[in-house]
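Structure, as structure tokens:
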Amino acid sequence: MSNGAPVNLSEPSVKKIILVRPDGSKITKDASLLNDGTDGIVYYDTEDATILVPAGPWNIQGYGEKGNVKGYTSVGSFTVKKNK
């Protein structure tokens, strides 16, 4: 967000989602737009359950490029729970 408003992501040529495992290792994946990009929402969808291993606290961050301008989102966090 920029001053509380969504950042338009319809134009950046590079859109990535960076996932950081509990041990600090990183996974970088291409991000997709949820809608038209003007709402600032991207996502990564996988059917590979091994991506979110191991259980524990993870971080997530977005990254984008438009021409020679590069930028990161703030870091978010989520918890991966162990399967029973």
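Only the coordinates and a few stated rules stand behind these numbers; no lab work does. Values in this document were obtained by computation on a predicted structure and should not be read as measured data. So basically every Cβ, Gly included, is an ideal-geometry build from the backbone, and we count neighbours across all protein chains shown.
Structure above, values below:
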read-out	value
Within straight-line cross-link reach of residue 15, lysines at Cα separation under 28 Å, skipping those fewer than 8 residues along the same chain	26, 29, 66, 70, 81
Cut-off under 5 Å, modelled amide H: who pairs with residue 66 long-range	13
For residue 40, residues with placed amide H under 5 Å, excluding near neighbours	9
Cβ-based exposure ranking for 29, 70, 84, 15, in which fewest neighbours within 10 Å come first	84, 70, 29, 15
Cα-based Rg of the chain normalised by 2.2 N^0.38 Å, two decimals	1.17
